[in-house]
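Visitor: This is the structure I have questions about; it appears just below.
The values are calculated or read from the model by the stated rules, or taken from the named source; none is laboratory data. Here the structure is a predicted model, which means the values were calculated and not measured. Every residue, glycine as well, gets a Cβ built from its backbone with ideal geometry; the counts of neighbours run over all protein chains shown.
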Amino acid sequence: MRAWGRLVIASGRMVYRSRDTLLVGLVQPLILIGLIALWKQLRFHTGAGAVDFFSFVATGFAAYGVVGVAQHSMVGAAADYRVQGVLKRVAVTPISPAAFVSAQVVARVGLSVLQVAATLAAAAALGAGIRPSPNLVSVLPLAALTALMGMSLAFVIAGVALDGASITDFGRQLGVASAWLLALLLVASRTYRFTEE
Amino acid sequence: MLSRLQLPQMWSLARVDARRLQRARGTLRFAVVSPALIVGLFALLRDLRFGLPADGLRIDVFDFAVTGMIGFWAAHFAQDTMVAAASAYRAHGLLKRIAVSPIRSTTFVAADLGARSLIGVAQTLLMLVLAAVVGVSVKASPNLLWLLPLSAVATLTGLGFGFAIAGLARTPEAANSLNLLAGLLIFMLAGIWIPIEALPDGLEQVARYAFPFSSVVQAMRDIVLVGAGLGEVWRQALVGLGWMLIALVLGTRAYPMSAE
């Protein structure tokens, strides 16, 4: 466990030292939030009422940014491990490949949580209708969960692409992911006010 | 520039390229299925409107976004596939090998551009038909024919930028990331999915002319929704043509046709 903890710290340092990762993970979402803020006067109208465009898209983007970056970087890393035989080499050390990969995943989840916090803070500063309340803290575990879903999908993609595995080989994992998705959709439909009126 | 002697070679190459693209089932399937999917998805948003409280303006999201896609999707597809192809030419040293054959690299590239432009025009037509089928307010008039040259202009602009991106980035991965970012910015700022009328006043005028594809997409939207003719959209068409020239010049300057 202690060795795994050290691995997580080392993986975290590796992620945070990579300028490209930080640029894509933190600067790009902030630029995009700034751009979306240009449409602050725009509204979406439906038969049920109006929704503020900036608040809707900015909060959606905070969630999408997490999944997108986590998935994108994990597909690249997972494919690279296989192509360069990293896991084969790790297998002959005292560290198990599973511990190595899970440490990488945990480090990236940390980046994702930071990313969501930074994106929401920027959106709030630019005038999105984000209500500051202690409940906002509950967004962070949700961000971690979403990032984990994105990264699981990344491993599926890398597995299908590199090993020629069939999607049915991942039946159980896809079932669990779908159950989580369903649970999140239920929570979303109960907690989100889709209209201002 | 292409001399008279090169033209027959170019036509033969263009035919070969068209056949090659036709045989690439994955590319063709994507070229046909993706417009259908996108139009179908936007059709689900038929009750949605964009609203600007200050001006009392209401814009139908379905009509706006689908006509934006009619104007831009072919160009976007062309740019994406060109970035991938041109960075692969570089990575595999294809143009180097062509340089020692009787065909010039420029002839090879021009033929490729010709074949891809035709696919772009066909995609625009397909998207227009799909849009009419699912209920976009398409104004049927002979002016719709103006979509053909404008679609070729938009596609060639995308192809030019595709070459420029593949030339500026050192690896196919970097080219792909740069292209993703450029595509996202264009989707947002060129009035493809979000109306530029809702931008702050000064920026609205900048967005109309200073972003590639913005003018040509607006011209195509006016032709489809209002039945406008070239007389009404000539200014936007001219700006679109200017952007096409800029993109092609940038592409030829940034992309090493023979040095590598």
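Visitor: Mind checking which pairs have a first residue in the stretch A:122-134 that is under 19 Å from A:Leu26 (Cα atoms) and a second that is crowded, with 17+ Cβ neighbours inside 10 Å and of a type in the set (Asp, Glu), Cβ under 9 Å, 6 or more apart or different chains?
Guide: Close Cβ pairs (under 9 Å, with a partner that is crowded, with 17+ Cβ neighbours inside 10 Å and of a type in the set (Asp, Glu)) amount to A:Ala128/A:Asp52.
Visitor: As an exercise: evaluate B:Ala99 against (1) touching a Gly at 6+ places or on another chain (Cβ under 6 Å); (2) hydrophobic (A, V, I, L, M, F, W, C); (3) surrounded by fewer than 24 Cβ atoms within 10 Å (Cβ to Cβ) and give the number of the one condition it does not meet.
Guide: (1)
Visitor: Name, by its number, the condition in (1) in a helix (DSSP H, G or I); (2) within 30 Å of B:Leu44 (Cβ to Cβ) that does not hold for B:Phe161.
Guide: (2)
Visitor: Can you tell me which residue is surrounded by the most Cβ atoms within 10 Å (Cβ to Cβ) among those in the stretch A:82-101 that are without any contact (Cβ under 8 Å) to a residue 60 or more places away in the chain and within 30 Å of A:Ala62 (Cα to Cα)? Before you say what the answer is, go through the steps one by one.
Guide: Step one: list which residues in the stretch A:82-101 are without any contact (Cβ under 8 Å) to a residue 60 or more places away in the chain, which gives A:84-93, A:96-98, A:101.
Now restrict to residues that are within 30 Å of A:Ala62 (Cα to Cα): A:98, A:101.
Values: A:Ala98: 11, A:Val101: 21.
Top of the filtered list is A:Val101.
Visitor: Report, by residue number, each residue of the stretch B:192-206 that is within 26 Å of B:Ala166 (Cβ to Cβ) and either at pLDDT 90 or above or crowded, with 18+ Cβ neighbours inside 10 Å (or both).
Guide: Result: B:Ile192, single match.
Visitor: Continuing with this model, one more query. Filter the stretch A:102-121 for residues that are of a type in the set (Gly, Ala, Ser) and buried (at least 21 other Cβ atoms within 10 Å of the Cβ) and give the result. Can you show your working first?
Guide: Taking the stretch A:102-121 first, the residues of a type in the set (Gly, Ala, Ser) are A:102-103, A:107, A:110, A:112, A:117-118, A:121.
A:Ala103, A:Ser112 - these are the residues of the stretch A:102-121 that are of a type in the set (Gly, Ala, Ser) and buried (at least 21 other Cβ atoms within 10 Å of the Cβ).
Visitor: Could you go through the stretch A:53-60 and let me know if any residue there is hydrophobic (A, V, I, L, M, F, W, C) and either away from chain B (no Cβ under 14 Å) or assigned to a loop (DSSP other than H, G, I, E, B) (or both).
Guide: no
Visitor: For the stretch B:28-79, which residues satisfy the criterion of being more than 14 Å from every other protein chain (Cβ to nearest Cβ) and either part of a strand (DSSP E or B) or surrounded by fewer than 18 Cβ atoms within 10 Å (Cβ to Cβ) (or both)?
Guide: Passing the criteria: B:Leu28, B:Arg29, B:Phe30, B:Val32, B:Val33, B:Ser34, B:Ala36, B:Leu37, B:Ile38, B:Gly40, B:Leu41, B:Ala43.
Every residue, every condition in (1) of a type outside the set (A, V, I, L, M, F, W, C); (2) without any contact (Cβ under 8 Å) to a residue 24 or more places away in the chain, yes or no:
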{"residue": "B:Arg46", "(1), (2)": "yes, no"}
{"residue": "B:Pro53", "(1), (2)": "yes, yes"}
{"residue": "B:Arg58", "(1), (2)": "yes, yes"}
{"residue": "B:Met69", "(1), (2)": "no, no"}
{"residue": "B:Ala75", "(1), (2)": "no, no"}
{"residue": "B:Asp80", "(1), (2)": "yes, no"}
{"residue": "B:Ala88", "(1), (2)": "no, no"}
{"residue": "B:His92", "(1), (2)": "yes, yes"}
{"residue": "B:Leu95", "(1), (2)": "no, no"}
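Visitor: Let me ask something else. Can you tell me which of A:Ala10, A:Ala63, A:Ala79, A:Ala99 is small (Gly, Ala, Ser), within 13 Å of chain B (Cβ to nearest Cβ), more than 18 Å from B:Leu180 (Cα to Cα) and part of a helix (DSSP H, G or I)?
Guide: Exactly one of A:Ala10, A:Ala63, A:Ala79, A:Ala99 is small (Gly, Ala, Ser), within 13 Å of chain B (Cβ to nearest Cβ), more than 18 Å from B:Leu180 (Cα to Cα) and part of a helix (DSSP H, G or I), namely A:Ala79.
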